[in-house]
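Okay, so here's the structure we're looking at.
The values are calculated or read from the model by the stated rules, or taken from the named source; none is laboratory data. Note that this is a predicted model, so its numbers are computed, not measured. Because the Cβ atoms are built from the backbone with ideal geometry, glycine has one as well, and the counts that use them run over all protein chains shown.
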Amino acid sequence: MNALVDFNNVNLKYGAQKVLEDVNISIAPGEIVTIVGPNGSGKSSLLRALIGALKPASGQISRAMGLRIGYVPQKLHIDPTLPMTVKRFLSLPVKISDTDASEALRRAGVPDLGSRQMSNLSGGQFQRVLLARALLHKPQLLLLDEATQGLDQPGSAAFYHHIEKVRDELNCAVLMISHELHVVMSASDRVICLNGHVCCEGKPDVVASAPEYRALFGSGTGGALALYRHDHDHVHGHECDHDHSHEAAE
Amino acid sequence: MLDSFLVRAALAGLGVALAAAPLGCFVVWRRMAYFGDATAHASILGVALALSFNMSVFAGVLVVALVMATSVSTLSGRGYAMDTLLGVMAHSAIAFGLVAVSFLDGVRIDLMAYLFGDILAVGRVDLAVIWGGALLVLALVGWRWQQLLLSTVSPDLAQASGIDPKREQLILTIALAVVVAVAIKVVGVLLIAALLVIPAAAARPLAQTPERMAAIAAVIGGVSALGGLQLAYRFDTPAGPTMVCVAAVLFGLSSVVSLSRA
């Protein structure tokens, strides 16, 4: 099948500063791809280029004809001067019926929020509403930019399980950026390690053991996968160890 | 019916209030209050240019307001903060305007009429221009409402839905310039921003959705215009400022309502 999105030798710049160099990435229908990389490595810029908010300095980004994108941004601040109920928010930019809105909220696990104000939601509720909105029009590609920021570990684990379920239901491709390698990798078909350019990419276990990846994140995160496997056995011994070394590598 | 200057004044006030209401909401949501102010102040330069080139004041103000608004939009985010840019542009424009006015010999212009408006002198042609402008703005904002709203909530979400937030910003800027140009006769340069911001701010505590906020702002704006005119007639006070006073009192009342609810 044809790729949904294809980056062809893409260079991104903010003013004179290079953000991403010679990026070649393509996303196939239905696959889950995770982008990892230290702060300032160009992860968010890559997503912004994908939605068209950032024009490449050179190279091409081609999208499949009529590609439907569902986008869940890193954070979204809705000014309290703007009255906006959750239901109203779901109708942006395309009006939907009340039934569809209720159904979307029910599926997102937040059925009772319809008439609440967006500015009064908790972090977790807000992310679920954003996800519900992104899924409304059956996207072929779902983009998640650190969508679990501000959620605790069980919260983000639940969020990613939900994403996997969504993928299986809608059969959409998922491109996500995350810090929480140990949770994310389990669900990913492919991991792309970014640091101004594509350092390495491949299956999660291949990337985790790649020297480029180790150089960026330290060998401490080598336990990321191992940790995930431990999760099945309910052994959480290295969790703390991993998180610290991961933060240190940021 | 249009023979009475009071009827013409009432219609002019209503027209401006209706167009200013939804636009004022965007000004409040996007924290552009100072933007409206700066555009309005710059229009003094437009008045001066119009008088020196013998064209209509409306056209002169519209051109200057458009140039001002688009150049601020383009320059913002390139090393200057928005408020710095607005400060530079608005005050330069007002200074150049005042200097330009001093070169106009022979013509004695009543600067006060442009600073504070002269709603009682609104003629039939003015009325046509005001309602033409107001309907244009309402149509523009109505047509782009969903896109404008999403771009206000988040430019990136808009982009992901295939909406260009810069284009929406430009539409808003043009609408703002039109409102400033048509409102100058009604409330004057100094108080246009008040007519944009106060009704919208007063509507906020009473509204649950953006649409309702715009509708309530329109009602508050309309009541301020008609009530202000009535009071100005009865107490022989300047009409433009009296309208703004009524709007301010309504804002006070709505704040009391929201405080008592909390």
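Only helices (runs of 4 or more DSSP H) wholly contained in the range B:50-118 count here; list those with 2 or more residues that are over 28 Å from B:CYS245 (Cα atoms) and of a type outside the set (Ser, Thr, Tyr).
Where helices (runs of 4 or more DSSP H) fall fully within the range B:50-118 and carry at least 2 residues being over 28 Å from B:CYS245 (Cα atoms) and of a type outside the set (Ser, Thr, Tyr), they are B:57-75, B:82-103.
Do you know which residues across the range B:1-28 are aromatic (Phe, Trp, Tyr) and surrounded by fewer than 23 Cβ atoms within 10 Å (Cβ to Cβ)? Show your work before the answer.
Of the range B:1-28, the ones aromatic (Phe, Trp, Tyr) are B:5, B:26.
Hit for the range B:1-28 is B:PHE5, nothing else.
Can you find, within the range B:145-165, the residue that is modelled with the lowest pLDDT among those that are in a helix (DSSP H, G or I) and small (Gly, Ala, Ser)?
Among those residues, the one meeting the criterion is B:ALA160.
Give the residue that is farthest from the other protein chains (Cβ to nearest Cβ), with candidates limited to residues of the range B:208-230 that are within 20 Å of B:SER151 (Cα to Cα) and in contact with a Cys (Cβ under 9 Å, 6 or more places away or on another chain).
B:ALA214
If you scan the range A:24-44, which residues turn out to be at pLDDT 90 or above and over 23 Å from A:ASP205 (Cβ atoms)?
A:PRO29
Taking into account only those residues within the range A:32-53 that are part of a loop (DSSP other than H, G, I, E, B) and at the interface with chain B (Cβ under 9 Å from one of its Cβ atoms), which is nearest to A:ASP168 (Cα to Cα)?
Only one residue tops the list, namely A:GLY52.
Taking the condition of being within 10 Å of chain B (Cβ to nearest Cβ) and of a type in the set (A, V, I, L, M), how many residues in the range A:59-115 meet it?
9
Tell me yes or no: at least one residue of the range A:12-32 is within 22 Å of A:LYS138 (Cβ to Cβ) and in contact with a helix residue (DSSP H, G or I) (Cβ under 8 Å, 6 or more places away or on another chain).
Within the range A:12-32, one or more residues are within 22 Å of A:LYS138 (Cβ to Cβ) and in contact with a helix residue (DSSP H, G or I) (Cβ under 8 Å, 6 or more places away or on another chain).
So if I check each of B:THR84, B:THR70, which one is of a type in the set (Val, Ile, Thr), under 30 Å from B:PRO210 (Cβ atoms), surrounded by 13 or more Cβ atoms within 10 Å (Cβ to Cβ) and away from every other protein chain (no Cβ under 14 Å)? Spell out how you get there, then give the answer.
On the way: B:THR84 fails: surrounded by 13 or more Cβ atoms within 10 Å (Cβ to Cβ).
Going through B:THR84, B:THR70 in turn, just one is of a type in the set (Val, Ile, Thr), under 30 Å from B:PRO210 (Cβ atoms), surrounded by 13 or more Cβ atoms within 10 Å (Cβ to Cβ) and away from every other protein chain (no Cβ under 14 Å): B:THR70.
Under 6 Å by Cβ, and 6 or more places apart or on different chains, what pairs join a residue from the range B:210-238 that is of a type in the set (S, T, N, Q) with one that is in a helix (DSSP H, G or I)?
Between residues of the range B:210-238 that are of a type in the set (S, T, N, Q) and residues that are in a helix (DSSP H, G or I), the close pairs are B:SER224/B:MET243; B:SER224/B:VAL246; B:SER224/B:ALA247.
Condition (residue is crowded, with 21+ Cβ neighbours inside 10 Å, within 19 Å of the chain's Cα centre (by Cα) and on the phi > 0 side of the Ramachandran plot) applied to the range B:186-195: is it met by at least one residue?
yes
Return the residue satisfying two criteria in turn: it lies in the range B:119-144 and is among the β-branched types (Val, Ile, Thr) and in a helix (DSSP H, G or I), and of such residues it is nearest to the other protein chains (Cβ to nearest Cβ).
First, the residues of the range B:119-144 that are among the β-branched types (Val, Ile, Thr): B:119, B:122, B:125, B:129-130, B:137, B:141.
From what is left, the residues that are in a helix (DSSP H, G or I) are B:119, B:125, B:129-130, B:137, B:141.
Numbers: B:ILE119: 29, B:VAL125: 37, B:VAL129: 31, B:ILE130: 28, B:VAL137: 20, B:VAL141: 15 Å.
So the residue we want is B:VAL141.
When only residues in the range B:184-227 that are charged (D, E, K, R) and more than 15 Å from B:PHE251 (Cβ to Cβ) count, which is modelled with the lowest pLDDT?
So the residue we want is B:LYS185.
Could you identify the single residue in B:MET32, B:MET55 that is within 14 Å of chain A (Cβ to nearest Cβ) and touching a helix residue (DSSP H, G or I) at 6+ places or on another chain (Cβ under 9 Å)? First the steps, then the outcome.
Numbers: B:MET55 fails: within 14 Å of chain A (Cβ to nearest Cβ).
The unique qualifying residue is B:MET32.
So which of A:LEU90, A:LEU76 is closer than 21 Å to B:LEU149 by Cβ, modelled with pLDDT under 90 and not acidic (Asp, Glu)?
Matching residue, one of A:LEU90, A:LEU76: A:LEU76.
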